[in-house]
Amino acid sequence: MPEANSRVNDFAFKLANVNGTGSASANGLLMQAIFRMGIPVSGKNLFPSNIQGLPTWYEIRVNKDGRTSRALDYDLIVAMNAQTYARDIQEVRAGGYLLFDSSWPLDKGVQRPDVTFLGVPLAQLCVEHFREPRERILMKNIAYAGSLIALLDIEMSVVEELLQETYGKKKALLESNQKALKLGYDFAKQNFECPLALRVQKMNANGDKILIDGNTATALGALYAGCTVAAWYPITPATSVMESFKSLCERYRKDPKTGKNNFAILQAEDELAAIGIVIGAGWAGARAFTSTAGPGISLMNEFLGLAYYAEIPAVLVDVQRVGPSTGMPTRTQQADLLLCAYASHGDTKHILLFPAHPAECFEFAVTSFDLAEKFQTPVILMSDLDIGMNDWVVPRLTWDDSYKPERGRVLSPEQIEKLGHFHRYADEDEYFVTPRTLPGVSAKGAFLTRGSGHNRLGGYTELPDEYQAVVDRLAEKHRAAARFIPPPVIDSSRSSKGKGKGKGRTSFSLVTLGGCDAAVREALDLLGQRGIHGDYMRIRGFPFGAEVEAFLNVHDFNYIVEQNRDHQLKSLITLETGVPKEKLKSLLFYAGFPLSAGQVVEGLLSAMGKPDGEPTRGLGGMPEALSGAEG
């Protein structure tokens, strides 16, 4: 039989199943066990938007160097879905393995001579050892996990510990899982040479790391930020943000003496009501947020314009998915950038934050509330489905107990009493922010919150000069916020061999945002092995700081890597900076799956006019117009 090259802690495998059959538990068990063995690991859940019946895949990448971007070459595939056998078998790397349910014969037409087929009679084993039909379906997945534990040399003691933690209080479930696990494990041990050439070996690379998804981390950040009010309408992939926030509040935000809630969470009748509740709570002085996705942002546009113009703090979490319209709710994209930057009719500009992984979701959630209150405006935290719903290995979250919320210019009763008159939109500070009062604090500080035309005194106006003075100040305020946006991550360490001629500049850079980070950084390392050296920048927020424009201007070509069709980050840079358009090129990937380093490498080589695999000594001859890699 053909055998893959022996590799320890450096391979990828894919689990192909049918949605709704309970495979998530088995797949999560495998990933968590590898993580607890101290090995860097990442998982990507590619699932359909229906309840059950369609194909679903779970991809696990084991990489001792900590690479977390999606793999496209699979050393082992577990084929549990007859509908996708042909496709799954074709995706196995030459010399790799395919584990399948041999309770039924495998069509010889789909078999490959360069792949080792590992047949385990999973259905037959479960029929023989379990009575209930549903239990047989569920336990078949745990049985294949047992076989993989033997084949990949995953420590059984670690898996047993995980089962105890999950099902320790449910004796029947624990025993069923243990039995199924043993069935698959024993069969593999008795019938195959274990472990395979692909295997794991205990490391100590995760001592200071945790396994967490972005939606949970975002909810935790909102809790730590002091948020007490939340309103939402369920939508994939953002629902678990609010579910996690609710669970955290029920545990940590109750009065210890009375047991009463110190929070309010409302499931509204729609997204319009949800953002309206959040704006009302922000106006009253509470820290409040809503979680949603692109369709929800579309519905919230008018209220976002009100909060921008009336200057009311509000936080939105946009877990982006594929659009337009309903689109593909369980696929990932970064296609809400322009929608969020300019949400609402008229001239509006909003503060946006772009986390790249769950640790930044936690950090930026806190930053979102501080910015919203400091600048009295909506702030949109822009995650995506890959970050939000997949488990990531990230540094252990840290917290500074001396943290004090940035409440901005909120006048106290004493400050109000010293005023001759209070005018809501007058007396701006160096950041063009005017003081506000909270309702019920002082009658002297009362004012009418206006979404209609108003002047600096807060009065209604249709006079051109008075209207323009207010909206011009809002534009200045937005520009001033750039100083407080998380700065871009810039890495020029790879470009020492790729300096441009004459001016000491590197010829090109790769620029990206959000969840593309891991794939682009890995791609730059791979390109370096080909003699192609470039700089890197990850933009972490909007409005852009001076560092962004300076970085872009110093490079001849900046390739903007993003997950949308319409060059949205590139367009935002073009609109909001003075960087010449000819310096900006696009690499676009928008088919809905998480980005891989291989796609970035292929896209850049194509854009440069270099055949795949051709060594490149210099980077002259860059095309003026990019033929982007669209996937």
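Restricting the search to region 246-284, which residues are of a type in the set (D, E, K, R), touching a residue at least 12 places away in the same chain (Cβ under 8 Å) and surrounded by fewer than 13 Cβ atoms within 10 Å (Cβ to Cβ)?
Within region 246-284, Glu269, Asp270 qualify.
For region 383-401, the candidate set comprises residues that are open to solvent by 40 Å² or more (accessible area, probe 1.4 Å) and touching a residue at least 40 places away in the same chain (Cβ under 8 Å); within that set, the residue that is nearest to Met242 (Cα to Cα) is Met389. Put simply, of Ala343, Ala335, Ala359, Ala310 the only residue that is open to solvent by less than 10 Å² (accessible area, probe 1.4 Å) and either in contact (Cβ under 8 Å) with a residue 60 or more places away in the chain or basic (Lys, Arg) (or both) is Ala310.
For region 95-139, the tally of residues that are open to solvent by less than 70 Å² (accessible area, probe 1.4 Å), hydrophobic (A, V, I, L, M, F, W, C), farther than 18 Å from Ala26 by Cα and out of contact with any Ser or Thr (no Cβ under 8 Å at 6 or more places or on another chain) stands at 4. Restricting to region 39-60, what's the tally of residues that are of a type outside the set (S, T, N, Q) and in a loop (DSSP other than H, G, I, E, B)? Of the residues in region 39-60, 7 are of a type outside the set (S, T, N, Q) and in a loop (DSSP other than H, G, I, E, B). Close contacts from region 127-139, counting a first residue that is closer than 11 Å to Ser176 by Cβ and a second that is among the polar types (S, T, N, Q) and outside any helix (DSSP H, G or I), with Cβ to Cβ under 9 Å and a gap of 6+ residues or different chains, come to Leu138/Thr21.
The condition of being touching a Leu at 6+ places or on another chain (Cβ under 7 Å) and not β-branched (Val, Ile, Thr) holds for only one of Ala307, Ala284, that being Ala284.
From the list Gly346, Gly305, the one residue that fits, being part of a helix (DSSP H, G or I) and not aliphatic (A, V, I, L, M), is Gly305. Within region 23-35, is there a residue that is over 30 Å from Pro133 (Cβ atoms) and either of a type outside the set (Gly, Ala, Ser) or out of contact with any strand residue (DSSP E or B) (no Cβ under 8 Å at 6 or more places or on another chain) (or both)? Yes: region 23-35 contains one or more residues that are over 30 Å from Pro133 (Cβ atoms) and either of a type outside the set (Gly, Ala, Ser) or out of contact with any strand residue (DSSP E or B) (no Cβ under 8 Å at 6 or more places or on another chain) (or both).
With respect to the stated conditions, Asp88 fails to be open to solvent by less than 10 Å² (accessible area, probe 1.4 Å) and touching a Gly at 6+ places or on another chain (Cβ under 8 Å). Tallying residues that are hydroxyl-bearing (Ser, Thr, Tyr) and closer than 23 Å to Ala197 by Cβ within region 76-118 yields 3.
Looking at region 479-592, what helices (runs of 4 or more DSSP H) fall wholly within it and have at least 1 residues that are open to solvent by 20 Å² or more (accessible area, probe 1.4 Å), in contact with a helix residue (DSSP H, G or I) (Cβ under 7 Å, 6 or more places away or on another chain) and hydrophobic (A, V, I, L, M, F, W, C)?
Those helices (runs of 4 or more DSSP H) span 517-529.
Assigned to a strand (DSSP E or B), among the hydroxyl-bearing types (Ser, Thr, Tyr), in contact with a helix residue (DSSP H, G or I) (Cβ under 9 Å, 6 or more places away or on another chain) and modelled with pLDDT of 95 or more: is that true of Ser368 in this structure? In short, no.
The values are calculated or read from the model by the stated rules, or taken from the named source; none is laboratory data. Predicted model only: the values in this text are computed from it and were never measured. As a convention, Cβ positions derive from the backbone with ideal geometry for all residues, glycine included, and neighbour counts pool all protein chains shown. Accessible surface areas use protein heavy atoms only, side chains included; no ligands, DNA or RNA. Shrake-Rupley method; radii C 1.70, N 1.55, O 1.52, S 1.80 Å.
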